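**Student:** Provided herewith is a single structure, encoded as structure tokens, for subsequent inquiry.
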Amino acid sequence: MARPRGFDEESVLDNAMNIFWSKGFESTSVQDLVDETGLNRASMYASFGDKKALFLRVLDHYSQKISTERFAKLREIENGRKAIEATFRDTARNGCTDGKHKGCLIVNSGMELAPHDPEIAAISHQAFRRVEDMFAAALTRGIKHGTVSKEKNVRALSRFLAGSIQGVQLMSRRGADRETLEDYTNTILSTLD
């Protein structure tokens, strides 16, 4: 009979997510993970495998927890234009809250690892497609409500918006100030007119 785990897996994944998110995959050491999660090396390896296996679990955890929350308004607000505007404004505002310029873990990881790691490249591509599809659904609702021009090419504009929200997140990661993020966001949102 297997021994029950002596730790809360979600808490461990949250802590590992925070260190990977702050430092990136390459700059996060196994010792950083041990210090941040409170697990010893043996428990970490037995429970999650190597650093890369833990990182993949963290990306899935991030997607389920943070990305779902980050894009909730895009799915839930019936007026598609308002949903898009709220999503961008929240992303810009949260990008420099409390001096935390972390951006998006999946975008950061894609920039860091996708060029030489096909598995991370695939995860980044899938995440982009999910966001693109959410924008496409919101644009379609906006056209139906008359708040987005029916002349818009929904697929092309949804790709632009998905890339643009990554741009907001990358600008946040590099430390852009609130005014810069708001100007960038306003310019992006003008494409809805």
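The values are calculated or read from the model by the stated rules, or taken from the named source; none is laboratory data. All values reported here derive from a predicted model rather than from experimental measurement. Methodologically, a virtual Cβ is constructed for each residue, glycine included, from the backbone with ideal geometry; neighbour enumeration extends over all protein chains shown. Accessible surface areas use protein heavy atoms only, side chains included; no ligands, DNA or RNA. Shrake-Rupley method; radii C 1.70, N 1.55, O 1.52, S 1.80 Å.
**Student:** Can you say whether R141 is open to solvent by 60 Å² or more (accessible area, probe 1.4 Å) and touching a residue at least 24 places away in the same chain (Cβ under 8 Å), as far as the supplied structure shows? Talk me through it step by step, then tell me what you get.
**Tutor:** On the way: open to solvent by 60 Å² or more (accessible area, probe 1.4 Å): no; touching a residue at least 24 places away in the same chain (Cβ under 8 Å): yes.
No, not satisfied.
**Student:** Among residues belonging to the stretch 85-95 that are buried (at least 19 other Cβ atoms within 10 Å of the Cβ) and hydrophobic (A, V, I, L, M, F, W, C), point out the one that is nearest to S164 (Cα to Cα).
**Tutor:** Going through the stretch 85-95, the residues buried (at least 19 other Cβ atoms within 10 Å of the Cβ) turn out to be 85, 87-88, 91-92, 95.
After this cut, where a residue has to be hydrophobic (A, V, I, L, M, F, W, C) as well, the list is 88, 92.
On the way: F88: 9, A92: 11 Å.
The qualifying residue nearest to S164 (Cα to Cα) is F88.
**Student:** OK, next. From the set of residues in the stretch 105-138 that are of a type in the set (D, E) and within 15 Å of G163 (Cβ to Cβ), which is surrounded by the most Cβ atoms within 10 Å (Cβ to Cβ)?
**Tutor:** Step one: of the stretch 105-138, the residues of a type in the set (D, E) are 112, 117, 119, 132-133.
Remaining after also requiring within 15 Å of G163 (Cβ to Cβ): 132-133.
Working: E132: 19, D133: 13.
By that ranking, first place goes to E132.
**Student:** Follow-up question, since we're still on this one. Search the stretch 37-71 for residues being modelled with pLDDT under 95 and among the aliphatic types (A, V, I, L, M), and hand back the single one that is farthest from the chain's Cα centre (by Cα).
**Tutor:** Here the residue is A42.
**Student:** Follow-up. Of all residues in the stretch 152-193, which are touching a His at 6+ places or on another chain (Cβ under 8 Å) and either part of a helix (DSSP H, G or I) or within 13 Å of V131 (Cβ to Cβ) (or both)?
**Tutor:** If the condition is that a residue be touching a His at 6+ places or on another chain (Cβ under 8 Å) and either part of a helix (DSSP H, G or I) or within 13 Å of V131 (Cβ to Cβ) (or both), then S172, R173 are the ones that fit.
**Student:** May I pose another question? Condition first: of a type outside the set (K, R), open to solvent by 40 Å² or more (accessible area, probe 1.4 Å) and closer than 30 Å to I19 by Cβ. Can you find one or more residues in the stretch 157-174 that meet it? Steps first, answer last, please.
**Tutor:** Taking the stretch 157-174 as the starting set, the residues that turn out to be of a type outside the set (K, R) are 157-158, 160-172.
Still in the list and also open to solvent by 40 Å² or more (accessible area, probe 1.4 Å): 160, 166, 170.
So of that shortlist, the ones also closer than 30 Å to I19 by Cβ come out as 166, 170.
Looking through the stretch 157-174, at least one residue is of a type outside the set (K, R), open to solvent by 40 Å² or more (accessible area, probe 1.4 Å) and closer than 30 Å to I19 by Cβ.
**Student:** Right, next: Looking for something surrounded by 13 or more Cβ atoms within 10 Å (Cβ to Cβ) and under 27 Å from K23 (Cα atoms) - is there at least one such residue anywhere in the stretch 185-193?
**Tutor:** Yes.
**Student:** Here is a list of conditions, (1) surrounded by 15 or more Cβ atoms within 10 Å (Cβ to Cβ); (2) in a loop (DSSP other than H, G, I, E, B); (3) free of Cβ contacts under 8 Å to residues at least 24 places away in the same chain, and S27 meets all of them except one; can you say which number that is?
**Tutor:** (1)
**Student:** Would you mention how many residues in the stretch 158-181 are out of contact with any Phe, Trp or Tyr (no Cβ under 6 Å at 6 or more places or on another chain) and over 16 Å from M111 (Cβ atoms)? Walk me through it before giving the result.
**Tutor:** Taking the stretch 158-181 and keeping what is out of contact with any Phe, Trp or Tyr (no Cβ under 6 Å at 6 or more places or on another chain), we get 159-160, 163-181.
Those still in the list that are over 16 Å from M111 (Cβ atoms) too: 159-160, 177-181.
Summing the residues that are out of contact with any Phe, Trp or Tyr (no Cβ under 6 Å at 6 or more places or on another chain) and over 16 Å from M111 (Cβ atoms) in the stretch 158-181 gives 7.
**Student:** Yes or no: R129 assigned to a helix (DSSP H, G or I), closer than 25 Å to E179 by Cβ and of a type in the set (D, E, K, R)?
**Tutor:** Against the criterion (assigned to a helix (DSSP H, G or I), closer than 25 Å to E179 by Cβ and of a type in the set (D, E, K, R)), R129 does not qualify.
**Student:** Go through the stretch 105-119 and give me each residue that's within 22 Å of M171 (Cα to Cα) and without any contact (Cβ under 8 Å) to a residue 24 or more places away in the chain.
**Tutor:** G110, A114, P115
**Student:** Suppose we filter K82, K102 for residues that are surrounded by 12 or more Cβ atoms within 10 Å (Cβ to Cβ), assigned to a loop (DSSP other than H, G, I, E, B), among the charged types (D, E, K, R) and in contact (Cβ under 8 Å) with a residue 24 or more places away in the chain; which single one remains? Steps first, answer last, please.
**Tutor:** Numbers: K82 fails: assigned to a loop (DSSP other than H, G, I, E, B).
The match here is K102.
**Student:** Could you give me the residue pairs with C-beta distances under 6 Å whose first residue belongs to the stretch 153-181 and is in the same structural domain as D90 (by the TED database), whose second residue is in a loop (DSSP other than H, G, I, E, B) and open to solvent by 50 Å² or more (accessible area, probe 1.4 Å) wherever it lies, and which are 6+ apart or on separate chains?
**Tutor:** S172/H101; R173/H101; G175/H101
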